[in-house]
1. With the contact rule set at Cα under 8 Å and sequence spacing of 6 or more, what percent relative contact order holds for chain A?
2. Could you tell me the calculated FRET efficiency between residue B:35 and residue B:70, based on Cβ-Cβ distance and R0 = 35 angstrom, to the nearest 0.05?
3. Ranked by Cβ crowding within 10 angstrom, fewest neighbours first, how are A:9, A:66, B:28 ordered?
């Protein structure tokens with residue numbers, strides 16, 4: 001079973017990397033960009049075939065390692 | 001209009017960061033993890049309200065800045 005975890009900064013948390021990308025896009029001529037936020041994706045392959053136990057395990061991974069839940073949110077999708 | 005761009009390494013491209021995360025997960029006791037690949041997410045806010053022109057603009061941004069299309073794939077979702 002394959003899961004995709006998307007980790008994004010909580011709203012209100014400053015994102016200097018996103019701001020730098022926004023600046024670069026604007027200077028490349030993309031003028032309609034009003035904000036960019038950067039995050040991370042993890043595609044995790046699990047040996048279990050049970051979706052609910054996969055979700056539980058992925059949640060535990062996010063809490064322990066993949067996300068810093070003080071400043072980041074995460075979302076889990078089962079993709080295969 | 002808000003778009004989410006997900007940039008992932010093409011299959012076959014080595015991902016040492018993903019392997020390090022896999023190792024960390026295993027040493028934390030998550031034994032069912034068989035592979036981890038890491039990627040990037042960009043949430044881009046655009047001033048246009050037209051979905052097809054937004055997609056065109058985002059594609060151009062990916063080709064020029066957000067993704068290295070030699071080794072990375074990207075996927076675009078309109079999220080709002």
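1. The normalised contact order for chain A reaches 53 percent.
2. On the way: r = 22 Å, r/R0 = 0.63.
Efficiency for this residue pair is about 0.95.
3. Working: A:9 19, A:66 24, B:28 13.
The order, fewest Cβ neighbours first, is B:28, A:9, A:66.
Every number here is computed from the coordinates shown, using simple stated rules; none is lab data. Computed from a prediction, not measured in an experiment: that's the story for all the values here. Backbone-built Cβ (ideal geometry, glycine too); neighbour counts: all protein chains shown.
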